[in-house]
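Note sheet for the following structure.
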Amino acid sequence: MSGFLPDEPSAEVRVSPNFGPRRDAPGPDMIVLHYTGMATGAGAEAWLCDPASEVSAHYLVHENGHIVQMVRESERAWHAGKSSWFGRTDINSCSVGIEIVNPGHSLGYPGFPRRQIDAVIGLCKGIAGRHAIPARRVLAHSDVAPGRKIDPGEKFPWAALFKAGVGHLVPAAPIRRGTALKPGDSGADVEALQSTLALYGYGVEISGIFDHQTRIVVEAFQRHFRPRLVDGLADDSTMRTLQELLASMRS
C-alpha cells in the first residue's frame, strides 16, 4: 500500500505496513483509545510504521492535535493485542484503534492537552458517524485488555469526551467509607458484581469468587468510570456507578 486518501479529512497519511483484512467483520463497530507510552510522539509514530514492530493503529493524535492516519478504516490494524469485549476476542477485526501521544505511567504520565483532546473528540465523531458506532462502544484499551493494559489511564478526560457527545458515561457515585467486596470474598454478591460487569461487556468469569481476574476487571472499570480511586475493591461507589451505567445503557 503506497498511499491512500484519508478517511478523516483533517488527517495526514503516513502508511504503516502492519495491517491486514478484517476477519468475520464487515467493518468496525468499536473505537479503542490508547496512549502511546513512549517518550516522544515522533518515536511512537515511527514505531507504528516500522514493519519490525508488528504493531500499528488506524490513527495517532499528537499533543498539538495533529492527526496521522496509518491504516485505512476498512482494514485491520494491529493495536489491541490479546483482548475481549462481549465475548469477542478478535478486537482488532471489529475496531478502529486511536493512539494518543502520551508517555504513560512509566514515564511520568502527564495530562492530555486540550488541543489533543479536541482532536480526539472530532476524530471519534467522524469515525462513529461513518460506521454508526454507538457511544457505549468507545472504549479504553484497558477495558478490552484488563490487567495487561492500563491505557489511556485514569487521567484521560472521558468526561470531556462525553460532554462533547463521545462515549458513554454516568456521574461517578460518591466515595464513602464502608465495606467493599475484595479478593477472597465469595457468594451471591460477588456473582452479581461479575454478572453486571459481564453485562456491560467486560471479560470476567461469573464464578461467585472474587479472584485476581475479578480484581483487575474492577480496576479497569474504575480507571474508566470511577477514576478518582482505582484500587480494585468493589465498594458502594463502584457498585452504584456500575449499576447506573448499565441502567443508562438499557434506557
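Worth pointing out:
- Residues of the stretch 198-212 classified as out of contact with any Gly (no Cβ under 8 Å at 6 or more places or on another chain) and of a type in the set (Phe, Trp, Tyr), total: 2
- Filter result (touching a residue at least 40 places away in the same chain (Cβ under 8 Å) and either open to solvent by 30 Å² or more (accessible area, probe 1.4 Å) or among the small types (Gly, Ala, Ser) (or both)) within the stretch 156-168: Pro157, Ala160, Ala164, Gly165, Gly167
- Any chance Val32 is in contact (Cβ under 8 Å) with a residue 24 or more places away in the chain and open to solvent by less than 30 Å² (accessible area, probe 1.4 Å): yes
- Exactly one residue out of Gly126, Gly108 is among the small types (Gly, Ala, Ser), over 15 Å from the mean Cα position of the chain (by Cα), more than 20 Å from Val230 (Cβ to Cβ) and open to solvent by 10 Å² or more (accessible area, probe 1.4 Å), and it is Gly126.
- Selection within the stretch 188-212 - over 22 Å from the mean Cα position of the chain (by Cα) and open to solvent by 30 Å² or more (accessible area, probe 1.4 Å): Ala188, Asp189, Glu191, Ala192, Ile206, Ser207, Ile209, Asp211
- Scan of the stretch 43-63 for residues that are open to solvent by 70 Å² or more (accessible area, probe 1.4 Å) and either under 18 Å from the mean Cα position of the chain (by Cα) or under 14 Å from Asn102 (Cβ atoms) (or both), ordered by number: Glu63
- Selection of the stretch 240-251 for residues being closer than 16 Å to Gly167 by Cα, open to solvent by 40 Å² or more (accessible area, probe 1.4 Å) and in a helix (DSSP H, G or I) yields Glu244, Ala247, Ser248, Met249, Arg250.
- Enumeration of residues in the stretch 172-184 that are within 18 Å of Phe225 (Cα to Cα) and surrounded by fewer than 10 Cβ atoms within 10 Å (Cβ to Cβ): Arg176
- When Pro26 is tested against the conditions (1) within 30 Å of Leu199 (Cβ to Cβ); (2) free of Cβ contacts under 8 Å to residues at least 60 places away in the same chain; (3) open to solvent by less than 10 Å² (accessible area, probe 1.4 Å), the lone failure is (3).
- Just one residue in the set Asp185, Asp211, Asp151, Asp189 is touching a residue at least 40 places away in the same chain (Cβ under 8 Å) and acidic (Asp, Glu); that residue is Asp151.
- Taking the stretch 64-92 as the range and being surrounded by fewer than 18 Cβ atoms within 10 Å (Cβ to Cβ), of a type in the set (Gly, Ala, Ser) and either touching a strand residue (DSSP E or B) at 6+ places or on another chain (Cβ under 8 Å) or under 18 Å from Cys124 (Cα atoms) (or both) as the test, the residues that pass are Gly65, Ser74, Gly81.
- Scan of the stretch 104-137 for residues that are farther than 17 Å from Leu60 by Cβ and either touching a helix residue (DSSP H, G or I) at 6+ places or on another chain (Cβ under 7 Å) or modelled with pLDDT under 95 (or both), ordered by number: Ile133, Arg136
- The stretch 49-72: number of residues that are within 24 Å of Leu5 (Cβ to Cβ) and in contact with a Phe, Trp or Tyr (Cβ under 9 Å, 6 or more places away or on another chain): 10
The values are calculated or read from the model by the stated rules, or taken from the named source; none is laboratory data. The structure presented is a predicted model; accordingly, all values stated were derived computationally and were not measured. Every residue, glycine among them, receives a Cβ derived from its backbone with ideal geometry; neighbour counts consider all protein chains shown. Just so you know, the surface numbers come from the protein's heavy atoms only, side chains and all, with ligands and any DNA or RNA stripped out. Shrake-Rupley method; radii C 1.70, N 1.55, O 1.52, S 1.80 Å.
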